[in-house]
Amino acid sequence: MVVLGILQVYFSNKLATRGKISQEFEEKIIQLEKENQQIRSEVARQGGLNELTLQATKKGFIKNPAIVNFSSKIPVALHSR
C-alpha cells in the first residue's frame, strides 16, 4: 500500500509539472502569434502597393499609360539535334 501511495504522489507531481510546462508553451505561442500579426500589419502598411506607388512617384517614376505585350511566333525553346 505504501509503495502505491508513493507512486501516486510521484506521478501526480510529474503530471502537474508537465501541465505547467505545457501552459507556459501555450502562453508563449499566443504571445508569438500576436507579435507575428503586428509584424504582418507593419509590413503590409509599409510595403503595400499604394505606398510603393507613392514612393515611386516621389522618385520621379511615372505610370505608363500603354501596356505592350510582345507575342513570339518562334518557340522559346527550340529543338536542336
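Miscellaneous remarks
- Close pairs from region 21-47: first free of Cβ contacts under 8 Å to residues at least 12 places away in the same chain, partner assigned to a helix (DSSP H, G or I) and charged (D, E, K, R), Cβ under 8 Å, at least 6 apart: Arg45/Glu51
Table: residues versus (1) at pLDDT below 90; (2) outside any loop (DSSP other than H, G, I, E, B).
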{"site": "Phe25", "(1), (2)": "no, yes"}
{"site": "Leu32", "(1), (2)": "no, yes"}
{"site": "Ile39", "(1), (2)": "yes, yes"}
{"site": "Gln46", "(1), (2)": "yes, yes"}
{"site": "Asn50", "(1), (2)": "yes, yes"}
{"site": "Pro65", "(1), (2)": "yes, no"}
{"site": "Pro75", "(1), (2)": "yes, no"}
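- Whether a residue is under 30 Å from Lys63 (Cβ atoms) and aliphatic (A, V, I, L, M) was assessed, and Val43 passes this test.
The values are calculated or read from the model by the stated rules, or taken from the named source; none is laboratory data. Predicted model, so just to flag it, every value in this text is computed and none were measured. Here the Cβ is made from the backbone with ideal geometry for all residues, glycine too, and neighbour counts use every protein chain on show.
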